[in-house]
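The values are calculated or read from the model by the stated rules, or taken from the named source; none is laboratory data. All values reported here derive from a predicted model rather than from experimental measurement. FYI the Cβ positions are ideal-geometry reconstructions off the backbone, even for glycines, and counts take in every protein chain you see. Side chains included, ligands, DNA and RNA excluded: accessible areas come from the protein's heavy atoms. Shrake-Rupley method; radii C 1.70, N 1.55, O 1.52, S 1.80 Å.
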Amino acid sequence: MFNKIKLWRKTQKPSTLRDRIEQVKKAQIPDHVAIIMDGNGRWAKKRALPRIAGHHEGMKVVRKITKLANELGIKTLTLYAFSTENWKRPKNEVDYLMKLPEEFLGSFLPELIEENVQVQMMGYKAELPLHTLNAIEKAIADTKENNGLVLNFALNYGSRAEILDAVKCVLNDCKSGIINENALDEKTFSSYLMTSEMADPDLLIRTSGEIRLSNFMLWQLAYTEFWFTDVLWPDFCAEHLIDAIEVFQGRQRRFGGV
Ligand code: FPP
């Protein structure tokens, strides 16, 4: 009887969030998690609020998920905060989205520094308003010595443009003899992308029930495990990240092998 109880205990899933966190930490944690944070607009609409209220709530979730990712030992967290296509949105929404990095970093930069998080950004800087760029560059500079989680904001990022620009640079470097086109391989090509310093994502999460990539990290996601949820980004919480990691830990990654 006693043995039966012991066996039952062993096979039970841990129930509290703390137990689940400790449990996933015992198995392989994805080094790089990328998230398409979708559903802010719908979250706001459901509450008869303006869309920007959804983005504001989404920003608060960024803080919580960053903390947890750091605690779990995730090495890089890439967040799709603004795409090269998002400029098509109404001006007031774009303006607000461009204010969010300032607002976020204005409140949480000391916490990020304290928690050893390193802020990075990938995307086209030239089109960003100066106030947005300044906030990001200050955070990058203030956290450059940190060696904990890399919090990588994809801001004015578009994967097709990134790949095309890489191709143009490769062609240039071939012409000028810096690289030999016959020696061009995947590793060298990757070094021309905005992610040259980081490993490809191990896990991609997209919230809000949309099952698409929306021009996000098309090259880098070649062997990434995908996890989709209907949860809207402002409702995303620690339990959902743990759900995704548990699923990831149950997957068998073969990278085209057997
Ligand atoms: C997509 O949801 C979300 C965005 C385009 C913006 C994401 C930004 C944040 C979550 C905040 C980022 C925070 C920092 C610190 C930069 P949507 O607006 O397309 O939602 P919908 O599909 O429901 O309309």
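Taking all protein chains together, Lys175, Lys25, Lys75 sort by accessible area into Lys175, Lys75, Lys25, largest first [probe 1.4 Å].
Calculate what fraction, in whole %, of the accessible area of the chain sits on carbon and sulfur atoms when a 1.4 Å probe is rolled over the protein chains. Can you show the working numbers first?
Details: 7580 of 14140 Å².
Carbon plus sulfur share of accessible area: 54 percent.
For Phe228, the accessible area of its heavy atoms, probed at 1.4 Å with every protein chain present, is near 70 square angstrom. Label-to-label distance for Leu184 and Arg160 is 2.0 nm, based on points extended 7 Å past Cα in the beta-carbon direction.
Solvent-accessible surface (1.4 Å probe) assigned to Ser15 amounts to roughly 100 Å².
Helix-derived [θ] at 222 nm for the chain: sum -39500 (n - 2.57) over DSSP H runs of at least 4, divide by residue count, nearest 500? All intermediate terms of the calculation are to be shown ahead of the outcome.
Details: 9 runs with 120 residues, N = 258.
So the calculated ellipticity at 222 nm is -15000 deg cm²/dmol.
Taking the chain as a Gaussian network of alpha-carbon nodes connected by springs under 10 Å, the highest mean-square fluctuation of the residues Glu57, Glu114, Glu102 belongs to Glu114. The listed residues Ser83, Ser176, Ser214, once ranked by accessible area (1.4 Å probe) with the largest placed first, stand as Ser176, Ser214, Ser83. Solvent-accessible surface of protein heavy atoms, probed at 1.4 angstrom with all chains present, puts Asp165, Asp38 in the order Asp165, Asp38, largest first.
Take the cross-link list Lys25/Lys75; Lys45/Lys91; Lys67/Lys88 and give me the ones stretching past 23 Å between alpha-carbons. Numbers along the way, then the final one.
Values: Lys25/Lys75 13 Å; Lys45/Lys91 18 Å; Lys67/Lys88 32 Å.
Table pairs above 23 Å Cα-Cα are Lys67/Lys88.
Annotation: Cys237 carries an accessible surface of approximately 50 Å², with a 1.4 Å probe and no ligand, DNA or RNA atoms counted.
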